[in-house]
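Read through the structure below, which is laid out as structure tokens, and then see the notes.
The values are calculated or read from the model by the stated rules, or taken from the named source; none is laboratory data. Nothing here was measured: the structure is a model prediction, and the numbers come from that model. Cβ: placed from backbone, ideal geometry, glycine included. Neighbour counts: every protein chain shown.
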């Protein structure tokens, strides 16, 4: 049982450090017009494409780990967002837009982008 807690603690610390290192890089890669450019609607058939299947199989464990980290030590919300960003599913853009319109999220994202000398993201 002690070994399990040691592994959970190690994974939590590694995820925390990795999220701190990757978050600014990932935020800087978002195009500034990501929420304002026209886009085509995804249909449920997208889930049957091999690329979507692979991305969803990679993103699902990350998403589940993030959900577990809501009650375990670790960066649960950050890990969940990374898992969602890996995945491809209908409604993903609306979910991302909902998250970025929460109080302070767009401001924090644009602060990170300003520090890395990228233009701010246009508000949805």
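Output yes when any residue across region 94-112 is in contact (Cβ under 8 Å) with a residue 24 or more places away in the chain, surrounded by fewer than 17 Cβ atoms within 10 Å (Cβ to Cβ), under 22 Å from residue 48 (Cα atoms) and out of contact with any helix residue (DSSP H, G or I) (no Cβ under 7 Å at 6 or more places or on another chain), and no when none is.
For region 94-112, residues in contact (Cβ under 8 Å) with a residue 24 or more places away in the chain, surrounded by fewer than 17 Cβ atoms within 10 Å (Cβ to Cβ), under 22 Å from residue 48 (Cα atoms) and out of contact with any helix residue (DSSP H, G or I) (no Cβ under 7 Å at 6 or more places or on another chain): absent.
Residue-by-condition table, conditions (1) in a loop (DSSP other than H, G, I, E, B); (2) farther than 15 Å from residue 15 by Cβ:
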position	(1), (2)
62	no, no
83	no, no
97	no, yes
107	no, yes
118	yes, yes
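Can you work out which of the residues in region 1-25 that are under 24 Å from residue 101 (Cβ atoms) and at pLDDT 80 or above is surrounded by the fewest Cβ atoms within 10 Å (Cβ to Cβ)?
Restricting to residues being under 24 Å from residue 101 (Cβ atoms) and at pLDDT 80 or above, the top hit is 25.
Residue 50: over 12 Å from the mean Cα position of the chain (by Cα) and at pLDDT 80 or above, yes or no? Walk me through how you get there before you give the answer.
Details: over 12 Å from the mean Cα position of the chain (by Cα): yes; at pLDDT 80 or above: yes.
For residue 50, the condition - over 12 Å from the mean Cα position of the chain (by Cα) and at pLDDT 80 or above - is met.
Against the condition in a helix (DSSP H, G or I) and in contact (Cβ under 8 Å) with a residue 12 or more places away in the chain, how does residue 54 come out, does it pass? Break it down into steps so the answer makes sense when it comes.
Working: in a helix (DSSP H, G or I): yes; in contact (Cβ under 8 Å) with a residue 12 or more places away in the chain: no.
So residue 54 fails the test.
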